[in-house]
Structure formats: C-alpha cells, structure tokens
1. For segment 59-75, give me the residue count where each residue is surrounded by fewer than 15 Cβ atoms within 10 Å (Cβ to Cβ) and either out of contact with any strand residue (DSSP E or B) (no Cβ under 8 Å at 6 or more places or on another chain) or closer than 27 Å to LEU7 by Cβ (or both).
2. Considering each of LEU7, LEU40 in turn, give the residue that is touching a Phe, Trp or Tyr at 6+ places or on another chain (Cβ under 6 Å), surrounded by fewer than 16 Cβ atoms within 10 Å (Cβ to Cβ), touching a residue at least 24 places away in the same chain (Cβ under 8 Å) and aliphatic (A, V, I, L, M).
3. Inside segment 19-32, can you point out the residues that are without any contact (Cβ under 8 Å) to a residue 60 or more places away in the chain, over 13 Å from GLU60 (Cα atoms) and surrounded by 11 or more Cβ atoms within 10 Å (Cβ to Cβ)?
4. Which pairs have Cβ atoms under 8 Å, sit 6 or more apart or on different chains, and link a residue in segment 52-72 that is closer than 18 Å to GLU18 by Cβ to one that is of a type in the set (Asp, Glu) and surrounded by fewer than 13 Cβ atoms within 10 Å (Cβ to Cβ)?
Amino acid sequence: MAKATELSYTENEQMALESLRSHRGEKLSAAALGIKPAVLTSLSKKAVNFPGDAVVVYKEDREDICPTCGAKHSYKVYWID
C-alpha cells in the first residue's frame with residue numbers, strides 16, 4: 001500500500017475530531033465520546049505519518065473495578081490539547 005502524500009480525513013474522522021474538540025482537554029472513553037476506537041486509532045496513525053500537520057490524539061490506559069462484583073474493567077481514554 002502506498003503512503004499518502006497529502007493529509008485528508010474521512011467523514012468519520014472529521015466527526016470524531018469535532019467531538020474531541022468539543023471536549024478539549026477532557027480525558028474520555030471512546031464510548032463517552034461517541035467514537036469507534038478504530039477511528040481514534042486511525043487519527044493517531046495520521047499524527048505519526050503527518051507530524052506537525054495532523055491533530056495529535058493522546059490516549060491513556062485506565063482500569064476500573066466494579067463496586068458490586070469486583071471485576072476489573074480496562075479501557076482507554078482519549079483527548080486533545
């Protein structure tokens with residue numbers, strides 16, 4: 001697959017960026033943002049492929065414990081500055 005020479009965003013990526021911008025600086029899960037994790041991964045890859053041009057989406061691993069059953073739940077949170 002040839003590497004793209006010009007940065008462009010799909011419609012889903014544009015909608016994801018709008019959601020991230022409306023929650024700028026807030027660390028939220030993909031579900032809370034209403035974005036599919038695959039779209040966030042695609043945005044992250046574009047930031048690597050187009051440094052300085054693409055929006056950088058930060059991510060962090062989180063873990064919660066269910067107060068009822070004690071089960072661990074791992075997920076990622078995403079945000080932009």
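1. Count: 5.
2. Criteria check complete, one pass: LEU7.
3. SER19, HIS23, ALA32
4. Filtered contacts from segment 52-72: VAL56/ASP81; TYR58/ASP81.
No lab work stands behind these numbers, since they all come straight from the coordinates. These figures come from a predicted structure and were not determined experimentally. Note that each Cβ is placed from the backbone with ideal geometry, even for glycine, and that neighbours are counted across all protein chains shown.
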